Number of protein chains: 2
Amino acid sequence: MTPANSPAPEAVVDLLGMLAYGELLAFDRMAHDARLAPDLRRRAVLSEMAAVEITNYRRLVARLAELGAEPEETMVPFVDSLHAYHDQTEPRDWWEALTKAYVGDGIADDFSREVAALLGERDRELVLQVLHDSHYNRFAAEEIRSAIGSDPKLANRLSMWARRLVGEGLSQAQRVAGERPALAALIVTGLDDRAGVQALLKRLTQAHATRMTAVGLNN
Amino acid sequence: MTPANSPAPEAVVDLLGMLAYGELLAFDRMAHDARLAPDLRRRAVLSEMAAVEITNYRRLVARLAELGAEPEETMVPFVDSLHAYHDQTEPRDWWEALTKAYVGDGIADDFSREVAALLGERDRELVLQVLHDSHYNRFAAEEIRSAIGSDPKLANRLSMWARRLVGEGLSQAQRVAGERPALAALIVTGLDDRAGVQALLKRLTQAHATRMTAVGLNN
């Protein structure tokens, strides 16, 4: 998939700003959620996952500065919606924290891969570089799978939790699309039309369903 | 300074376990304190400082495993005293958070350099590797210096705050020395005797005073 035209520079800046603030906030929340871990080893792994977000944040900010944007200004438009998402999905225990990381990172990475295809080479490579490490994804998946194995009730609770994560995420994504027309246009135009957006949402939803099934959760 | 005898293996494990838990908790607290930052740029820098602690944590844990120790067990003895230090020194604003990072990292690094000299080559190199990056130290120093320049009252408040940090740190260090005789012996024996420990404390205190003066705080 190659874009017919180069995306508008302000749309690229919007996208990178959104991803950057997403990383900064993911760092903050994961670092906090690590306190919920049942032992030091697990706590350290979630802390490491958080630390990676900061490395990615730096890469995005460096590129924003290179594009002549003031990184902080580019992030401000996304502060409210990203905070709203996290405030509405504050994990109550370790399993919710881990499921949030597993579900959220998975969808964010799928979305990033799709959007990367709409960008010029330089930004495409950057966006693909800041995808999450599959090593941590496997850690989260194994933890959830084994916890559900020994407590079937947990599967129900975490399945409901994951639906809430997706619902809140979609709700904030729609808000962003409404508030940032250039960014929305990048995606709509890149995917040719609104039917393309529907198809994108379908692909994201199916990949999410596959991830859920893989750890024993239902959609 | 070269140790006359190799330090006792259990003392080295104690030291590395203490440093490892110190890093993990510093990550947790700095990540949290980053929320106090007045803007996103500064918040990101403290978040980055936090993230470095996790990298160092991993190095220490890898070495502990290599030494045949169960990393988690080696950290447990230091949980209470390190938590007590942080609970007693919870910053109320950005300047207290930054001063805590500046003062705490400085003393921790000086201590690590001194203790590194008492270790075998492999562990000495590791302990020197996990020192804090001077880049962040300069950032904190410049921030404090410039804030004090525009608000002289802040200098008084932060000077008092730094005294409290040192007081709480010393108090918990004494507790650890009492509870972990092998670790205390490593330092006392390494420095030849108790007079050596007094001299060490004097060096740490003088270096701290120099750092305070450098940013416009008094001791």
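Working from Cα positions, state the angle (0 to 90°, nearest 10) between the long axis of helix B:181-190 and the longest principal axis of chain B.
Approximately 90 degrees, to the nearest 10.
Given a 1.4 Å probe and heavy atoms of the protein chains only, how would you sort B:Glu48, B:Glu10, largest accessible area at the top?
Heavy-atom accessible area, descending, gives B:Glu10, B:Glu48.
Could you work out the local net charge near B:Met30, counting Lys and Arg as +1, Asp and Glu as -1, over the other residues with Cβ closer than 12 Å to its Cβ?
-3
Would you mind getting the accessible area per residue of chain B, heavy atoms of the protein chains only, 1.4 Å probe, in Å²?
About 46 Å² of surface per residue is accessible.
Measuring label to label, 7 Å along Cα→Cβ, what does A:Lys202 give against each other copy in nm, shortest first?
Ordered by distance, the counterparts are at 8.0 nm.
Between copies, how far does the label point of B:Glu142 sit from its twins, in nm, shortest first, when each point is 7 Å from Cα along Cα→Cβ?
4.3
Convex hull over the Cα atoms of the range B:9-73, averaged projected area in nm²?
4.1 nm²
Could you name the lysines in cross-link range of B:Lys100, using Cα to Cα under 26 Å and dropping any fewer than eight places away on the same chain?
B:Lys153, B:Lys202
For the range B:32-122, compute the orientation-averaged projected area of the C-alpha convex hull (one quarter of its surface), in nm².
Projected area, direction-averaged: 6.9 nm².
Give the Cα extents of the range A:45-198 along the principal axes, in whole Å, largest first.
Principal extents (Cα only, largest first): 51, 33, 26 Å.
³J(HN,Hα) across the range A:157-171 via Karplus (A = 6.51, B = -1.76, C = 1.60, θ = phi - 60°), whole Hz, x for Gly/Pro?
For the range A:157-171, the Karplus-derived couplings read 4, 6, 5, 5, 4, 5, 5, 5, 4, 5, x, 5, x, 4, 4 Hz, x marking Gly and Pro.
For the range A:149-219 and the range B:161-219, compute the distance between their C-alpha centroids and round to whole Å.
Centre-to-centre (Cα) distance: 53 Å.
Please label the shape of the protein assembly as shown as rounded, prolate or oblate, based on the square roots a ≥ b ≥ c of the eigenvalues of the alpha-carbon gyration tensor (a/c under 1.5 means rounded; beyond that, a/b larger than b/c means prolate, else oblate).
Prolate.
The values are calculated or read from the model by the stated rules, or taken from the named source; none is laboratory data. In this text, all values refer to a predicted model and were calculated from it rather than measured experimentally. Positions of Cβ are generated from backbone atoms using ideal geometry, with glycine treated the same way; all protein chains shown enter the neighbour counts. Only protein heavy atoms, including side chains, enter the accessible area calculation; ligands, DNA and RNA are left aside. Shrake-Rupley method; radii C 1.70, N 1.55, O 1.52, S 1.80 Å.
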